[in-house]
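Heads up, the thing below is written out as C-alpha cells.
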Amino acid sequence: MLGVCLVDPRAPAAVVAGLLAEDFYLEKHRRLYAAVDTLVKAQGTVDLITISEALRRAGALDEIGGPAYLALLTEEGCALTGLSDYLRLLREKAGLRDIIRLGTDLVARAYENGVPPADLLAGVSGQLSVLTRRAATSPSAEVLGEGLGVFLSRAFEDAVPLVEGLLTSDGNGWIAGEEKLGKTYFALEEALAMSLGQPVAGRFRVPARHRVLFIEEEDPPRRAHVRLAALLRGRGLNPDDGFFRDELDDWFKIEVWSGFTLDEQKWIERLDATCTAFRPAVVYLDVLRKLTQKDLNKAAEAGAILSTLDQLRRRHGVIFRVLHHYRKSQGFRVARGSQEMGGSFVLGAWGECSLFFEPLGRKQSGCRVDVQVKDGPPVPSFKLAWYAEGPKHAPTLVRLTAEDQAEDTSADDVLLQAVEMAPKTEAMVGLAGVSVLTLTMLRKQSDKTIRRGLKRLLEAKLVTVCGAAPKGKDLYAVAK
C-alpha cells in the first residue's frame, strides 16, 4: 500500500482519504504514512525522492529502514493491482485490532474488584461509538478524483515519439488492412527499427532505442525466422553474427506460435510478468483473430479484450500495436480506415496511433499506408514499396521503403467494384450497365469526380461502355 503511493501518482490521494496512521500495524509504517499524508496535503504528490527527503529532514529515514527499505516498498507496490481492495482490507484489519484492544481492556478492568458494571460500560461506550461510526463509513471503493487545483499543478511530460510521425508513447494503435498487403512485414520492420534505433522503412526516424516484444501467432516460427533475417540483411546487418544476436537479445523478444491467447488468465499473467521484467516500450500482437475466440462483433466482448490491454498499459506504460484485418467486403466499400476493420465500433475508437493498409491500383506494386495519429500533426499517406532478393516464398533479403504517394488510384479500384456490383440500368442500345447517376448516388461523389474516374478506367481498359440509356447517356460495365 505504501509502495504504490510512491509509484502511482493517483494512489496517494485515495490512500490519504481512506486511512489513518493508526491503521498500520508497524510503527515504521505509521511514521512513513504520516510523512506521505503530510506531503500529499502540502503539494498533492509524493514520490521516492520527496518522501526520502521529508523523512531525512524529520530524522526518521533510518528508523523506517533507510533508502533500501523504500526501494523494496516500491518494488512491491508495482505488483499491487487492486488498490481499493487493499484499502478495505487494511481498514478491516485495523478495525479488528481496535475491537480486540478495547475488549481486552474491558476484560482486564472487569477483573478489578469494586468497579461497578455501569462504570465499566460508561468508560468504553464513547470508544465503542467511535469504532462503530468508523466501521460504518469504511470505504468499499477507492475515492474518485482529485482537486482541480492539484491536478493543474501537476506537470506532465510531452509524449515521447517512438517513431516520428507514426507512434508515440501516448497511443495504442492498429496496423490494419486487407490480407496479403504486408502488415506483418511492416510490423516486424517497425519493431526491428525501434530495437536498433534506426529509421522505419528508410523514412521515419526513431529518436532512441526501445525494447520491443513481438507476439506472433499468425505465422509459424520458420516463416517469422525467414522474414526477420531478410529484413536485417536489408539493413546491411548480419543475422548470423553471434555477437550481434547476443546484443539483439537485450532489445527484442519474440514469442512465436506458442498458443498465446488473450482469453486465458495464465497468458495475461505471463505477459504481465514479461512487461515487469523486460519493460518493453511496445508490444506487437499479430494477429487479433488468432489471439482470441471472442466475438469481436459484440461490443462487450471486444471491449473486454481492449480493457485487458489498457490495464497492462496503465500498469507498465507499455504501448500495444495490434494487427487486424478489414472485414470481408461483399461489394464496394463505403468507408476507410478504422471503419473498415472487422468487428465492433469499439475497436476503431480504441486506436490512437494507427496505420491502415490499402491496395494500390491493379497496375501498381506495393500498397498505400494511411496514418492516423490522434495527438500530432497530420502525416501524409505514403506508398510502401518492397525490394527483395531470393525466392518469393523465402526471400534472403528484404528492404521496405516509404515513398511519397503518387496519384491515388485506390479510389479507382473502389469505383471499379461499384461498376461491377451496382444495380444495372436497362439499355436503349446495347447491353444493360451502370449509369453515372447510379454511381454518384452510391459513391456519394460528384458527377465530375465519377466521370474522371471512369475515364481513367476506360484508358486502362478495365471498364467498357456497354450500352446507352435514354437521352444517349452511356452505360458502363467491367471489361471481360
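The values are calculated or read from the model by the stated rules, or taken from the named source; none is laboratory data. Since the structure is predicted, the reported quantities are computational estimates derived from the model, not experimental observations. Positions of Cβ are backbone-derived with ideal geometry, glycine not excepted, and every protein chain shown enters the neighbour counts.
Here is how the numbers come out for the structure above:
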{"quantity": "Candidates 449, 425, 438 - the one that is under 29 Å from residue 176 (Cβ atoms), polar (S, T, N, Q) and not assigned by TED's automatic domain parsing to the domain that holds residue 199", "calculated": "449"}
{"quantity": "Search result, residues across the stretch 95-123 that are of a type in the set (Val, Ile, Thr) and assigned to a helix (DSSP H, G or I)", "calculated": "99, 100, 104, 107"}
{"quantity": "Pick from the stretch 61-83, criterion surrounded by fewer than 16 Cβ atoms within 10 Å (Cβ to Cβ) and farther than 14 Å from residue 48 by Cα, ranking: nearest to the chain's Cα centre (by Cα)", "calculated": "81"}
{"quantity": "Within the stretch 31-60, tally of residues that are over 34 Å from the mean Cα position of the chain (by Cα) and among the charged types (D, E, K, R)", "calculated": "4"}
{"quantity": "Residue satisfying condition, being charged (D, E, K, R), closer than 30 Å to residue 156 by Cα and either touching a residue at least 24 places away in the same chain (Cβ under 8 Å) or not assigned by TED's automatic domain parsing to the domain that holds residue 128 (or both), within set 76, 92", "calculated": "76"}
{"quantity": "Of the criteria (1) in a loop (DSSP other than H, G, I, E, B); (2) within 23 Å of residue 316 (Cα to Cα); (3) touching a residue at least 60 places away in the same chain (Cβ under 8 Å), which one residue 262 fails", "calculated": "(3)"}
